[in-house]
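Encoded as structure tokens, the structure appears first; notes follow it.
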Amino acid sequence: MKITPETVHHVADLARLSLGEDEVVNLTSEMDLILAYVEKLNQLDTAGITPTAHAVPLENAFRDDLASPSLGAEKALHNAPDSAEGCFRVPKVIE
Amino acid sequence: MELTALTIHEMRKHLAAGDVSAAELTDAFLRRIHELDGRINAFIRITENQAREAAERADRRLREGKAAPLTGIPLALKDIFVTEGIETTCASNILKGFVPPYDGTAVARLREQDAVFLGKLNMDEFAMGSSNENSAFGPVKNPWDPNRVAGGSSGGSAAAVAAHMAAGTLGTDTGGSIRQPASHCGVVGLKPTYGRVSRYGVIAYASSLDQVGPLARDVEDCALLLQAIAGFDARDATSVDLPVADYPATLKNGVKSLRIGRPKEYFITGLDADVAAAINAALEVYAGLGAEIVDISLPHTDYAVACYYLIATAEASSNLARFEGVRFGQRVDRGDGLLEMYRNTRAQGFGAEVKRRIMLGTFALSSGYYDAYYLKAQKVRTLIREDFTAAFGQVDVILTPVAPTPAFSLGEKIDNPLQMYLSDIFTIPVNLAGTCALSLPCGFSAGGLPIGMQLIGKPFAEETILRTAYAFEAATATAERPPLPSAEPAVP
């Protein structure tokens, strides 16, 4: 799988990252190199192997559905770059 | 009595006897930090006032006879631990100014004991790195040689302990980030089994790999720190509800008849000669103590780095999606809409290595590539885990090097990401398998740099690796060691 600048632009868009021209050039070659290295995983036959998503065999780590005190709006807004009327304020989401 | 040279267990005796107060200890460490840290850069933030207040509370508690094991002990925390009211940055520009409204669980458990926090420690940005050169606050210098890296990502945590600027520290380990800097700085570092210590309040890098652990000057201190933070936490859904052993109590149980595995795949031709010699010498020490050395194989070792750099980056790309300038941290809004706010905030806020890993992870998870990369890596992860399960059928502990070389020079690998990644070859498999391991100083290179050995245990067998480490420490206590840098002020 060859990484091209087009691939990098597409992935950057998915990752919500804006990249400078130099960054695109560097990332294209770096990603290409690293992904070429990880190709070695294809040397292994993994047919029928269950993927490990999780290090420990835990399932359904639920708690009782009981309301309990949480952080509160004031603390939650404390680090907001911009807030108003008890909400986080951001640029217009819907045109 | 040089107060900053005391271990935690020594401090406890003196505090209990009343020879020294928590205030005096705190004072001594703060002075040493001011004298030394200018040239090591282990601390991002020194919390002097809070430390003195905590020491006062500790002294009151000591006078009342209500001390806990870590009451009054001066510690420091990697800046990945969320601390209430104290700026927490993860060594990233994107979190500059972020003041958490709560303490994470590990932090809270130490605070409950009235331990003293001296400050927040430098690290690789968002825990991504093996050298502590990826910090928005500059690199951490190795206390043994300021031209060399301290290791990463918990470089500040390791350097602070090595330079006696904290009695013990907490770090995190996702691919070796406690063990490798511990090895490079000549201190003890432990990565518990995944799920042993709560990750609540730890800024996430790779959620299926991250673990919290202690760094300290000796094994007993590590055991004390682990004891304080280990255990189930309802706020961490990946926390495992298993009883916590009494780690300090079993340290002296020895290694008679212990089966120690020597995996052939870790003794590769690229291994530095001094490292190989130190590890082989350590095996001899254990044989002398009555342990049985067994040759074993961990056949999928060579695939671990590739596997890790797909899984960890994929998980990181998801975890770091929360840094978008909406709710906390820096925001870059040029008035051209929401998407541009996200893109510019992240472009400006993240360093190069973080961006690189987000890009790799996003790619590995993207439509059309998910099966070939991420899913494939998860299957290989199963094979690596099974290697360890099989090995632990034959042995109790596995002994390996921690890093292929001693600490490398600043700038040596920073332009070659793949080279940097490959230096994690010995530590990464443990995170993929989810089990526990520690790094213990076992020698020095010809150039006087520390070398650590890794002891890997079965899941939830921290007790076993701690006593195995303790036995080595006790047996080699009289070995010659170069002196640590003294507390003289830096010459301008």
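The values are calculated or read from the model by the stated rules, or taken from the named source; none is laboratory data. No experiment lies behind these values; they were computed from the predicted model shown. Counting neighbours? That spans all protein chains shown, and the Cβs are built from the backbone with ideal geometry, glycine included.
Of note:
- Residue that is hydrophobic (A, V, I, L, M, F, W, C) and surrounded by fewer than 23 Cβ atoms within 10 Å (Cβ to Cβ), where the choices are B:ALA364, B:ALA391: B:ALA391
- Of the residues B:LEU70, B:LEU25, the single one that is in contact (Cβ under 8 Å) with a residue 40 or more places away in the chain and under 21 Å from B:LEU226 (Cα atoms) is B:LEU70.
- Count - residues of the range B:416-471 that are assigned to a loop (DSSP other than H, G, I, E, B) and touching a residue at least 24 places away in the same chain (Cβ under 8 Å): 16
- Selection from the range B:367-404 of residues that are among the polar types (S, T, N, Q), out of contact with any Phe, Trp or Tyr (no Cβ under 9 Å at 6 or more places or on another chain) and modelled with pLDDT of 95 or more: B:GLN378, B:THR382, B:THR389, B:GLN394
- Residue selected from the range A:25-64 under the condition surrounded by 15 or more Cβ atoms within 10 Å (Cβ to Cβ) and more than 7 Å from chain B (Cβ to nearest Cβ), by the criterion nearest to B:ALA364 (Cα to Cα): A:LEU35
- Cβ pairs under 9 Å, 6+ apart, first in the range B:375-402 and over 19 Å from B:GLY175 (Cβ atoms) and free of Cβ contacts under 8 Å to residues at least 12 places away in the same chain, second part of a strand (DSSP E or B) and among the hydrophobic types (A, V, I, L, M, F, W, C): B:ALA390/B:ILE296
- Tally of residues being outside any loop (DSSP other than H, G, I, E, B) and within 14 Å of another protein chain (Cβ to nearest Cβ) across the range B:263-311: 11
- Qualifying residue in the range B:164-185 (condition: at positive phi, in contact with a strand residue (DSSP E or B) (Cβ under 8 Å, 6 or more places away or on another chain) and surrounded by fewer than 24 Cβ atoms within 10 Å (Cβ to Cβ)): no
- Any hit, the range B:48-58, residues being modelled with pLDDT under 95 and over 18 Å from B:LEU224 (Cα atoms): no
- Unmet criterion (only one of (1) surrounded by fewer than 18 Cβ atoms within 10 Å (Cβ to Cβ); (2) more than 15 Å from B:LEU466 (Cα to Cα)) for B:LYS252: (2)
- Residue in the range B:120-136 that is buried (at least 24 other Cβ atoms within 10 Å of the Cβ), farther than 23 Å from B:GLY349 by Cα, in contact with a strand residue (DSSP E or B) (Cβ under 8 Å, 6 or more places away or on another chain) and not hydroxyl-bearing (Ser, Thr, Tyr) present: no
- Sole residue being farther than 21 Å from B:CYS307 by Cα and in a loop (DSSP other than H, G, I, E, B), chosen from B:GLY156, B:GLY151, B:GLY171: B:GLY151
- If you go through the range B:327-346 and keep only what is facing chain A (nearest Cβ under 7 Å), over 30 Å from the mean Cα position of the chain (by Cα), assigned to a helix (DSSP H, G or I) and of a type outside the set (A, V, I, L, M), you end up with B:TYR342, B:ARG343, B:ASN344.
- Summed over the range B:56-75, the residues that are over 15 Å from B:THR26 (Cβ atoms), over 29 Å from the mean Cα position of the chain (by Cα) and not basic (Lys, Arg) give a count of 2.
- Subset tally (residues that are more than 15 Å from B:ARG111 (Cβ to Cβ) and acidic (Asp, Glu)) for the range B:38-53: 1
- Qualifying position, being touching a Cys at 6+ places or on another chain (Cβ under 6 Å) and either at pLDDT 95 or above or under 23 Å from B:THR193 (Cβ atoms) (or both), among B:ALA276, B:ALA245, B:ALA237, B:ALA282: B:ALA282
- Of all residues making up the range B:187-211, the number that are touching an Asp or Glu at 6+ places or on another chain (Cβ under 8 Å), within 14 Å of chain A (Cβ to nearest Cβ) and not in a loop (DSSP other than H, G, I, E, B): 2
- Residues of the range A:1-24 satisfying the condition of being loosely packed, with under 14 Cβ neighbours inside 10 Å and of a type in the set (Gly, Ala, Ser): A:GLY20
- Enumeration of residues in the range B:347-379 that are in a loop (DSSP other than H, G, I, E, B) and facing chain A (nearest Cβ under 7 Å): B:SER366
- When the range A:41-57 is filtered for residues that are within 23 Å of the chain's Cα centre (by Cα) and either within 20 Å of B:PRO192 (Cβ to Cβ) or among the hydrophobic types (A, V, I, L, M, F, W, C) (or both), the ones remaining, listed by number, are A:LEU41, A:THR52, A:ALA53, A:HIS54, A:ALA55, A:VAL56.
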